[in-house]
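Q: My structure is below; once you've seen it, I'll send some questions.
No lab work stands behind these numbers, since they all come straight from the coordinates. Please read these numbers as outputs of a predicted model, since none were measured by experiment. Neighbour counts are summed over all protein chains in view; Cβ atoms, including those assigned to glycine, are modelled from backbone coordinates with ideal geometry.
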Amino acid sequence: MEPPDYTFDRDRLAALSRFAVLDTPPEQGFDDIVELTTLICETPVALVSLVTDDRQWFKARMGFEQCETDLSRSVCAHALIEPDLLVVPDLTLDDRTKLNPLVTGEPFIRFYAGAPLRTADGDVLGSLCAIDTRPRPEGLSSAQASALRVLGRQVVAQLELRRAVAQRDGLLIEQKEAEIRRNGLLEIGDRLRDAASIGDITRAATAVIGQTLGVGRAAFGRFDETADFVDIEPDWTAEGVQSVAGRHRVAEYGERLLDGVLRGEMLVITDVTTDPATASCPEPLLRLNIRSLVNVPVIDHGRTVAMLIVHACEPRSWASETLTYLRNIADRIEMGVARLRAEAQQRLLNHELSHRMKNTMALVQAVASQTLKNVPDQTPVRAFSARLMALSMAHDVLLQQDWRPAQVATIVEAATCSFDDAGRFDIVGEWVTLGSRATLSLSLLLHELTTNAVKYGALSNDTGRVEIAWAIEPDGDGEMFRLRWRETGGPDVAPPTRQGFGSRLLKMGLAGTGGARLTYHRSGVEADFVAGLAELQS
């Protein structure tokens, strides 16, 4: 006979599906229950039977060889609509079961007692049943019936516990995967910050993707202006998977496969052999060990300019969290590439500005020389030209640093290199960087001191020396930068009798606000410059 209509109830089947228990391996908890059922009910057969819309499957069984039957052989399907136990003393005499193939043929079952497996929401998933090969007109004793009900509730409890453990394990796995993805993004950020080329960026990012997601291949490709070709940067591949780096014709991916990507849509394929976009011709992808894939478009000014490519060697369902992770990585790659391009453009611009500035300074110097060539005293003219040269050298130092903070040692070396005998400088100091404004200021100060030492001080004879030393000193909540210039072995010197530009420049100090102390000894000049480190590095 046909199974009852309740067998096909949509809510009941959905409840059964949520337990995710069908076709799972045997488990000791359920096996123990069927063994207890045979002992208590004194039957050779006991089953934990779960009824779907086309079969009954046994999570646990004793005394029955088959692990499932179709619904035409199911007695348990009739237990689904029972408010209590279903007990059939003789299956050959019941209209519902007398034509059942398991009754009319092997193993010729005759007695059935089943407890519906009812969830807390009232959905019946199947039954815990005791089966005998002989009729039992007396059915079950009251004690056996009570025990069968209890054991049926224990089956449901085991199912609930199993689902709770699976949900817990799923959450733990999800948390672990989320942590892996979070650490992957942090690692990519660290690597991209230090990357010096586009190849460095793509290799770093794709390696992190491959290692965190366990895929076969990860790559980054840029489309040409016509979108007919994609240039794939050096990629990351798992062991045994070939690289696809190089130029590829977009049409090689399959007819119109990347049209969505070029429109800015992510392409996600779980299995290339079954997905409508690739199932008709999966061979080119399979030859490259591509069974599943994700292509993430990278958009610039409304146009797809590149894509992040991820390939798996096996069919794979891509979770939404994973797709978001890949989207974030694609954005970081493009930001890194944009940074490198901006830096390259900035370097080009800096060199052009430096060239123009040198030309401007040379022009100013030429105009000044021509304008002042008839001035009787050429000393101020030469001093003006020398200061222009000092400024030019300071700009060269900043240009070499791409106008980023410059090292004090580099500034000192550039400022003193114009003196013929550089061996007469004793230079010592910590690793300290200064901002662009402080770099220009320090260069002018050192030029002024060196010029005065050559004219009047320790560098005006053959024996004098100059010590340049600097250090960082604590000062309350902040830090101070101190630089000392000390001449020894020179002729007697005296303070200047008039305050010219050079004297005023020295008194302005490193930050232009003072913090300078000049002392004139018999052997030379000693100068101390002090300023807040944070101010100098801004």
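Q: Indicate, rounded to the nearest 5 percent, the antiparallel portion of the DSSP beta bridges found entirely in the chain.
A: So the antiparallel bridges amount to about 95 percent of the total.
Q: Can you compute the charge dipole magnitude of the chain about its Cα centre, using +1 on each Lys and Arg Cβ and -1 on each Asp and Glu Cβ, nothing else charged? Give it in debye, rounded to the nearest 20. Walk me through the numbers before you get to the answer.
A: Details: 57 positive and 75 negative charges, 511 e Å.
Once rounded to the nearest 20, the dipole reads 2460 debye.
Q: Just order 55-65, 261-271 by mean Cβ neighbour count inside 10 Å, highest at the front, would you?
A: The packing order, highest mean first, is 55-65, 261-271.
Q: Calculate the FRET efficiency for S142 and A120 from the Cβ-Cβ distance with a Förster distance of 25 Å, rounded to the nearest 0.05.
A: Numbers: r = 26 Å, r/R0 = 1.04.
Using R0 = 25 Å, I get an efficiency of 0.45.
Q: Tell me which of L510, A15, I209 sits at the most positive position along the dipole axis of the chain, charges placed on C-beta atoms (Lys, Arg +1; Asp, Glu -1).
A: Ranked along the dipole, the leading option is L510.
Q: If you don't mind, there's one more thing I want to ask. Rounding to the nearest 20 debye, state how big the charge dipole of the stretch 1-96 is about its Cα centre with +1 on each Lys and Arg Cβ and -1 on each Asp and Glu Cβ. Intermediate values should be presented prior to the final figure.
A: Details: 8 positive and 20 negative charges, 47 e Å.
So the dipole magnitude of the stretch 1-96 works out to roughly 220 debye.
Q: At what distance in angstrom do the alpha carbon centres of the stretch 479-538 and the stretch 100-175 lie from each other?
A: Centre-to-centre distance over Cα atoms comes out at 95 Å.
Q: Based on the Cβ-Cβ distance from Q407 to V165, what FRET efficiency comes out when R0 is 41 Å, to the nearest 0.05?
A: Given R0 = 41 Å and the Cβ-Cβ separation, E is 0.10.
Q: Another one. Using Cα pairs under 8 angstrom and six or more residues apart, how large is the relative contact order of the chain, in percent?
A: 7 percent
Q: Looking at the chain, how many pairs of lysines come closer than 28 Å at the Cα, when each pair is eight or more places apart or spans two chains?
A: Close lysine pairs found across the chain: 6.
Q: Moving on. Taking the Cα centre of the stretch 22-77 as origin, sum charge times position over the Cβ atoms of Lys and Arg (+1) and Asp and Glu (-1), and report the length of that vector in debye to the nearest 20.
A: So the dipole magnitude of the stretch 22-77 works out to roughly 120 debye.
Q: (i) 26.7; (ii) 31.9; (iii) 25.3: which one is Kirkwood radius over Cα pairs in Å as calculated from this entry?
A: (ii)
Q: So, counting K/R as plus one and D/E as minus one, what does the shell of residues with Cβ under 14 Å around A166 add up to?
A: Result for the local shell: 0.
Q: Considering only G105, V51, G152, whose Cα is most displaced toward the positive end of the charge dipole of the stretch 5-165, charges sitting on Cβ of Lys, Arg (+1) and Asp, Glu (-1)?
A: It is G152, whose Cα lies furthest towards the positive end.
Q: So, one more: Using only the alpha-carbon atoms, how far is helix 320-371 inclined from the longest principal axis of the chain? Give it as 0 to 90 degrees, nearest 10.
A: 10 degrees
Q: By how many nm would the segment from D94 to L185 grow when fully extended, if each residue of separation counts as 0.36 nm and the alpha-carbon distance is taken off?
A: Here the segment from D94 to L185 would lengthen by 26.1 nm.
Q: Something else now. What's the extension gain from R256 to S460 if we count 0.36 nm per residue and subtract their Cα-Cα distance? Please list the in-between numbers first.
A: Details: separation 204, 0.36 × 204 = 73.44 nm, distance 7.98 nm.
Result: 65.5 nm gained on full extension.
Q: Still on this model: Would you be so kind as to identify which of A219, H311, Q345 lies farthest towards the positive end of the dipole of the chain, taking Lys and Arg as +1 and Asp and Glu as -1 on Cβ and the Cα centre as origin?
A: In the chain, that residue is Q345.
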